[in-house]
Amino acid sequence: MNAELAILERDITPVGRDYEIVRRVIEKISLDYRNQPSLEDLAAELGETPTGLQKLFTRWAGLSPKAFLQAVTLDHARRLLDSGMPLLDTALELGMSGPGRLHDLFVTHEAISPGEYKLRGEGLTIRYGYHVSPFGIALVMVTDRGLAGLAFADPGEEQATFADMSSRWPNAEYIEDVSATAPYAGRVFERSRWRSDEPLRIVLIGTDFQVRVWEALLRIPIGRARAYSDIAAQIGCPAASRAVGAAVGANPLSFVVPCHRALGKSGALTGYHWGLTRKRAILGWEAAQLQHGN
């Protein structure tokens, strides 16, 4: 971990600890949803007071642990998804107010040409930095054309995450530059800065097929989900569900290109490159945004 990140973590330790507590709450709810664990049960397991946990979780998610449990209970979500009901309708059935004036993260994108992609990043300068996010440490990568990479890491996994991302474009030049990546991190994780008149500029670096899949993911609105087979049909390759799944897993722009909204054929929350618990956390966070409709 570099000195800048160490200083950053020292200054925002409560935020980093918040995510760890929230992560464990979500994991507990996901594994024990049939027993509907109470606030007191969750607090006791985490060594927190019920009041402290209530305030912390509500500050992070915008709703209480009890409301969050109702919103993301897996057996209910799977049942509804299996019947063809989208996530937004699931939220409405749970008594949420609906999207209101809510809009998704506005982006404008371009794709690296196939010829450029074959160079595996040769001639490309990628600046990177680590930032605190609602979903753990975020590795942000940018080029002079826009945001090119966004990945997540738990404490101690920063170098492994960087190795994973940099292996996608091994011939690029990498420069650690938090000052260059901070504006992008702010745009991504601060909801008040999601503006249609100032779209976030991103660049998609992948094969032609991968880019087509990622563009399809960008068209999935917040609060909804698509099966791999639906995405395959949308891009004109109905027999390519497995290849679509691979492209979803290779998405270099987690959260921004919403691969977390891609589900298995049965509607189950299938694997996520940065951890299934993190996928649940992102979907739950989005459910909270829908409830408040801001």
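Yes/no per residue for (1) free of Cβ contacts under 8 Å to residues at least 24 places away in the same chain; (2) aromatic (Phe, Trp, Tyr):
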residue: 174; (1), (2): no, yes
residue: 178; (1), (2): no, no
residue: 181; (1), (2): no, no
residue: 195; (1), (2): no, no
residue: 210; (1), (2): no, no
residue: 215; (1), (2): no, no
residue: 236; (1), (2): yes, no
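Consider the stretch 175-217 and keep the residues that are exposed (fewer than 15 other Cβ atoms within 10 Å of the Cβ) and acidic (Asp, Glu). The one that is farthest from residue 134 (Cα to Cα) is 208. Among the residues of the stretch 217-231, is there at least one that is under 18 Å from the mean Cα position of the chain (by Cα), closer than 21 Å to residue 165 by Cβ and assigned by TED's automatic domain parsing to the domain that holds residue 113? For the stretch 217-231, residues under 18 Å from the mean Cα position of the chain (by Cα), closer than 21 Å to residue 165 by Cβ and assigned by TED's automatic domain parsing to the domain that holds residue 113: present.
With respect to (1) under 15 Å from the mean Cα position of the chain (by Cα); (2) farther than 17 Å from residue 111 by Cβ, the lone exception for residue 259 is condition (2). Among the residues of this structure, residue 151 does not count as one that is in a helix (DSSP H, G or I) and surrounded by 20 or more Cβ atoms within 10 Å (Cβ to Cβ).
Condition check: free of Cβ contacts under 8 Å to residues at least 40 places away in the same chain, surrounded by fewer than 22 Cβ atoms within 10 Å (Cβ to Cβ) and either basic (Lys, Arg) or within 20 Å of residue 152 (Cβ to Cβ) (or both). Does residue 224 satisfy that? No. Are any residues in the stretch 191-218 under 30 Å from residue 242 (Cβ atoms) and either among the basic types (Lys, Arg) or in a helix (DSSP H, G or I) (or both), and if so, which ones? Result: 208, 209, 210, 211, 212, 213, 214, 215, 216, 217, 218.
The values are calculated or read from the model by the stated rules, or taken from the named source; none is laboratory data. Just so you know, these numbers come straight off a predicted model, no measurement behind them. In this analysis, Cβ positions are derived from the backbone assuming ideal geometry, glycine residues included, and neighbour counts consider all displayed protein chains.
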